[in-house]
């Protein structure tokens, strides 16, 4: 049974600011900025005014593609433009903290959207958060999976109580991400790049776990040295809820001659309902909308709301919209730096757990601004 009326009932779209004319400056011109951020911003009527990148020719090409009027030879020059009140920073994580040290010296900058991960580790993230607090800058972190339509609608089901008390949640990713060249110098593969989305989504759905166990295996396809290839995660909650993540970036020999079998699927079992969904991202650039099916004791039937939006690039509007609304209302966004410290601490705990082959006790509430 399909119930399209639930599209109206479930909150899955971002709240938009009243003023769309805030000047946005972009630092970085890679795939995420060019093919995701700016596509989503332009479709919604936001106003990126200027862009700077490590290579000015790349910044110029992106500016021409997205009708951005000003291109700067360096981000230092961009920071001198007082029309720009909000920065969208999409650079490798080891470059983020040095840039933020420069950003906070410019008092006309009111807000920053920073790409995840927020630095290379929790210590970096804490320094970034502290710098923004001291400068009075509102910091939002681009954990954009929270704005995937299926993920967001499922959170509304949980918040509304349709599923009752969560008992078991599982999330499986079988996909081959496009690894970035800078990951080789970090020695990272999956946990800080893809698993961070899934760990953050579980926090979005259920709050902070009490402990985590992580196990990593090497990805046979990736030649550079790394510890975190295929990742398995078990999260334990005080309520008794258990969550399991499988992040399989090998997926079999899909690029070596075998047939691919890709997808991201999740399932949440509660005391009064069951939800299951899929995330369409592994099929990018094909537009495959994410899906959500759910059933409850109250309804007795499967409800199957459907949307046209997709994670890449549509969901990338959400974090920026959230930042702009927070600036309008004089408040912190839900994706603020303080909240993201808990996600960064959880990620660091996963590396520790995998290295020591034992579970790690967590105290994430001290980071979470909602507590």
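The values are calculated or read from the model by the stated rules, or taken from the named source; none is laboratory data. Here the structure is a predicted model, which means the values were calculated and not measured. Heads up, the Cβs are rebuilt from the backbone with ideal geometry, glycines too, and the neighbour counts pull from every protein chain shown.
Can you name the residue in region 270-290 that is in a strand (DSSP E or B) and touching a residue at least 24 places away in the same chain (Cβ under 8 Å) and is also nearest to residue 179 (Cα to Cα) among such residues?
279
Taking the condition closer than 21 Å to residue 191 by Cα, under 18 Å from the mean Cα position of the chain (by Cα), touching a residue at least 60 places away in the same chain (Cβ under 8 Å) and not in a strand (DSSP E or B), does residue 342 pass?
Answer is yes for this residue.
Listed residues 215, 227; which is surrounded by fewer than 20 Cβ atoms within 10 Å (Cβ to Cβ), in the same structural domain as residue 155 (by TED's automatic domain parsing), touching a helix residue (DSSP H, G or I) at 6+ places or on another chain (Cβ under 9 Å) and part of a strand (DSSP E or B)?
215
Does residue 160 fit the bill of being out of contact with any strand residue (DSSP E or B) (no Cβ under 9 Å at 6 or more places or on another chain), surrounded by fewer than 23 Cβ atoms within 10 Å (Cβ to Cβ) and either at pLDDT below 95 or in the same structural domain as residue 281 (by TED's automatic domain parsing) (or both)?
yes
Rundown of residues vs (1) within 24 Å of residue 311 (Cα to Cα); (2) in contact with a helix residue (DSSP H, G or I) (Cβ under 6 Å, 6 or more places away or on another chain); (3) in contact (Cβ under 8 Å) with a residue 60 or more places away in the chain; (4) in a loop (DSSP other than H, G, I, E, B), yes/no style:
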| site | (1), (2), (3), (4) |
| --- | --- |
| 125 | no, yes, yes, no |
| 128 | no, yes, yes, no |
| 141 | yes, yes, yes, no |
| 146 | yes, yes, yes, no |
| 153 | yes, no, yes, no |
| 164 | no, no, yes, yes |
| 184 | no, no, no, no |
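Of these, 321, 326, 315, which one is touching a strand residue (DSSP E or B) at 6+ places or on another chain (Cβ under 8 Å), in a helix (DSSP H, G or I) and not assigned by TED's automatic domain parsing to the domain that holds residue 172?
326
In the list 345, 354, 349, which residue meets the criterion of being surrounded by 18 or more Cβ atoms within 10 Å (Cβ to Cβ) and closer than 10 Å to residue 208 by Cβ?
One residue alone meets the criteria, 345.
I'd like to verify a number: residues in region 55-84 that are within 20 Å of residue 135 (Cβ to Cβ), in contact with a helix residue (DSSP H, G or I) (Cβ under 8 Å, 6 or more places away or on another chain) and surrounded by fewer than 21 Cβ atoms within 10 Å (Cβ to Cβ), how many?
Total meeting the criteria: 1.
Can you go through 167, 141, 104, 151 and tell me which one is farther than 16 Å from residue 276 by Cα and either within 20 Å of the chain's Cα centre (by Cα) or assigned by TED's automatic domain parsing to the domain that holds residue 238 (or both)?
Being farther than 16 Å from residue 276 by Cα and either within 20 Å of the chain's Cα centre (by Cα) or assigned by TED's automatic domain parsing to the domain that holds residue 238 (or both) holds for just one of 167, 141, 104, 151, which is 141.
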